[in-house]
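Please treat every number below as a calculation from the coordinates, not as lab data. Fair warning: this is a prediction, and the values are worked out from it, not measured in the lab. Methodologically, a virtual Cβ is constructed for each residue, glycine included, from the backbone with ideal geometry; neighbour enumeration extends over all protein chains shown.
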């Protein structure tokens, strides 16, 4: 039963992170969403009529599955760690994961700020009005995934360090 709760918590936390993260990156470049992500996720066909809400939906769709995978990984680890507070440690590991995803996003933002859009190798429509901001939002998006991978490693290290 606790393994199911771990998976659900990870899925919900990742979804909330995705929705909030996309509000931030939408503020950096609405064009990245309107010209790329909305079409990529098929949101344009949903007739939601609110770009901010659409950005949150894309955030949820882009992150819930990551939360599910993380939840399964942490649930399996949960079965093997033997502490009095292992459920509490699992929750902290998930938060470590989210923290690293956020850090990865921030790093992506600054990398996108430093690398000229002409050298970024990011595809964008020729009509993009602010290509540098588009690149920043793109790198924020990618950075959060890379940060999440690093966060998983640190989360697992944290769990095994606190298992005894």
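Put in line by how crowded their Cβ is, counting other Cβ atoms within 10 Å and starting with the fewest, 31, 54, 118 read 118, 31, 54.
Of 126, 43, the sequence from fewest to most neighbouring Cβ atoms within 10 angstrom is 126, 43. Over the chain, what is the mean sequence separation of C-alpha contacts under 8 Å (at least six apart), divided by residue count, expressed as relative contact order in percent? In percent, rounded to a whole number, it is 31. Between helix 2-28 and the chain there is an angle of about 20 degrees, using the helix long axis and the longest principal axis of the Cα atoms.
Put in order of Cβ neighbour count within 10 Å, fewest first, the listed residues 1, 124, 140 become 1, 124, 140.
For Rg/Rh (Cα atoms, Kirkwood Rh), which listed value, [x] 0.96; [y] 0.94; [z] 1.06, comes from the coordinates shown? For Rg/Rh (Cα atoms, Kirkwood Rh), the calculated option is [z].
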